[in-house]
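Each value in this text was obtained by applying a stated rule to the coordinates, not by laboratory testing. All of these numbers come straight from a predicted model, not from anything done at the bench. Every residue, glycine among them, receives a Cβ derived from its backbone with ideal geometry; neighbour counts consider all protein chains shown.
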Amino acid sequence: MAHLIEAGIIGATGYTGLSLLEVLVRHPNIELKFATTRRGDLAGEYIYREHPNLLGLTELQFSLFDLGNESLKDANDRVLRLIGDSDVVFLAVPSGASANIVKEIRRLGTRIIDTSADFRLKDPDAYRRFYEREHPCPELLKEFVYGLPELHREDIRKAKYVACPGCNSTAMILAGYPLTKIQGLGNFRIVYDVMTGSSEAGAELSRSSHHAERTGVVRPYSLKEHRHLAEVRQELGMEPSRVCATMFAVGMVRGVECIGHVFPDQPIGEKELWRAFRSAYGEEPFIRIRARKVPGPGSLPDPKFVRGSNYCDVGFFVDEVCGRICVLSALDNLLKGDVGNAVQSMNLMFGLDEGTRLRDLVPSYLYE
Ligand SMILES: NC(=O)c1ccc[n+]([C@@H]2O[C@H](COP(=O)([O-])OP(=O)(O)OC[C@H]3O[C@@H](n4cnc5c(N)ncnc54)[C@H](OP(=O)(O)O)[C@@H]3O)[C@@H](O)[C@H]2O)c1
C-alpha cells in the first residue's frame, strides 16, 4: 500500500474539529495520528466520548495540548514531536489562537492547513481593522495561500501553508466571482444578504446560541462590515465602497444561503450570466449551477440541497423591471465553507485527486 499521509488536528473538540474527524477518519490516504484538546478531563479519552457519532469509527484518543500553559510542558512537547513527525497538521482553533500556534510549530517543517482567519488576509491593516488587534506575525501572511481551490488551485498545489476561507466569505466569493468576468458590468457594486446556521458560531455556549433563543430566528446580527467582507474584497479585488453585506442568523444548524444584488449601468441578460458562470465553474468538481426560471425546489441554490456535502451551489436570476441582477450561493458551512476547502486543499498539496473522500459526501436531503 502507498505511504499514508500522517495528519493531526489541533482543536478537535470543536465543530470544525469534529467535521475534520468525520472526513479524515474515512479518507483513504490519511492516517490520523493525533487530535488535541486543552481539556484535562478529555486527555487520553477516546474521541467518541466527546463526539458520540464517531463510536466504532476511530480508536484515536485525545492528546492534551495547550502551548500557553507551562504546567503542561511534557504533554505539549509530546504533541510537538507528533507534529514534527507528521506530514500535515490542521488547525481548528479560534482566530488569534491559531497565529500563536503557527509561530511555534512552523520550525518543525510540517505543512499547515489553518481553518481560522489569522492568515486569510494579505494586508495586516485590514486584519487590524476587522479583528481589532495587531497581527502577531504579519511577516508570515505572505507565506499562506488562500485555500479556495476554485480561485487558487495552482498555488495551493505548491503551498506549504494554506489559510482556508470563512464560510460566509466562501459563499459570497463563489456567488460574486463570475460577475468579475462580465466586461459590461465595469466597476459594479454588490450588496449581499447572507443567512447562516447556528453551527457557524462554534461549540461555545452563549445566550444567543441557546436553543430557546436561536430556534426559528431570522435575526440580523452583523449589519455592516462583517469580518468576512475583508476576504471578499481581497479575493474579488473590490474597493470597500463597492461591496457590502448584512448577515442573518436563521433557524438551521448547518448551512449558508447568500444572495448578492447588483444594479448594472447597462442591462445584463441571462445569456451573459450563463456564459460567465459556465466559464468560471464549468470544470469545477464541487460547484453546481442552479438557475432555472421556474421557481420551485431545486431551481436556485438552497442549503437543503448541499447539506452534508462539499458542494457549493451557485445561481442567478435577472429582475428586468428594476434592472437588478441577483447571484446566489448555498453551502454547508462546516464542509465547503470550512473543512471541505481544507481537505480539497490537502488533496491538492499532496498530489491526490482533489475530490478524494469529498466526492463520497452525497448531500443528505431529508436532514434536519
Ligand atoms: N464553525 C464554522 O462553521 C466555521 C467555518 C469556517 C471556519 N471556521 C473556523 O474554524 C475555527 C474553529 O471554529 P469552530 O466553529 O470549530 O469553533 P469551536 O467549536 O468553538 O472550537 C474551537 C476549538 O478550539 C479549541 N480552542 C479554543 N480556544 C483555544 C486556544 N486559545 N488555544 C488552543 N485551542 C483552543 C477548543 O478546544 P478545547 O477547549 O477542547 O481546547 C475547540 O476544540 C475558527 O477559527 C473558525 O473561524 C469555523
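Centre-to-centre separation between the Cα atoms of the stretch 218-240 and those of the stretch 51-116: 30 Å. The charge dipole of the chain, taken about its Cα centre with unit charges on the Cβ of Lys, Arg, Asp and Glu (plus for the first two, minus for the last two), comes to roughly 500 debye. Annotation for Arg106 and Leu57: the two label points, set 7 Å from Cα along the Cα-Cβ direction, are 3.4 nm apart.
Which lysines, if any, have their Cα less than 19 Å from the Cα of Lys181, not counting same-chain residues under 8 positions apart? In chain and number order, the partners are Lys271. The Cβ shell under 11 Å around Phe188 holds other residues with a net charge of +1, Lys and Arg each +1, Asp and Glu each -1. Rounded if a/c is under 1.5, else prolate if a/b is larger than b/c, else oblate: which is the chain, with a ≥ b ≥ c the root eigenvalues of its Cα gyration tensor? Note, shape of the chain comes out prolate. FRET efficiency for the Ala203 to Lys142 pair, using the beta carbon distance and R₀ = 35 Å, is estimated at 0.65.
Counting only DSSP beta bridges with both residues in the chain, the antiparallel share comes to about 45 percent.
Each of the peptides 203-210, 115-122 was scored by the mean count of other Cβ atoms within 10 Å over its residues; in descending order, highest first, they stand as 115-122, 203-210. Across the chain, C-alpha contacts under 8 Å between residues 6 or more apart give a mean separation that, scaled by the residue count, equals a relative contact order of 16 percent. Once the other residues with Cβ under 10 Å from the Cβ of Met349 are scored (Lys, Arg +1; Asp, Glu -1), what is the net sum? Counting the neighbours of Met349, the net charge comes to +3. Counting only DSSP H runs of at least 4 residues, each contributing -39500 (n - 2.57), and dividing by the residue count of the chain, the helix-based mean residue ellipticity at 222 nm comes to -7500 deg cm²/dmol. Counting only the Cα atoms, the stretch 168-331 fills a convex hull of 122 Å³ per residue. Model label points for Leu223 and Glu239, set 7 angstrom from Cα along the Cα-to-Cβ axis, are 2.5 nm apart. For the stretch 95-186, the set of GluC sites (Glu not before Pro) satisfying both a DSSP loop assignment and a count of at most 10 other C-beta atoms within 10 Å is given as Glu132, Glu134. You can think of it this way: the chain between Phe350 and Ser364 has 2.2 nm of extra reach, that is 0.36 nm per residue less the Cα-Cα gap. Highest mean first, the peptides 175-181, 80-86, 228-234, 6-12 sorted by other C-beta atoms within 10 Å per residue fall in the order 6-12, 228-234, 175-181, 80-86.
Straight-line cross-link partners of Lys73 among the lysines, defined as a Cα under 28 Å from its Cα and at least 8 positions apart when in the same chain: Lys33, Lys103, Lys160. Each of Gly84, Ile268, Gly11 was scored by the projection of its Cα onto the charge dipole of the chain, and the greatest displacement toward the positive side belongs to Ile268; charges sit on the C-beta of Lys, Arg, Asp and Glu. Between Leu4 and Arg189, the distance separating the two model label sites (each 7 Å from Cα on the Cα→Cβ line) works out to 5.5 nm.
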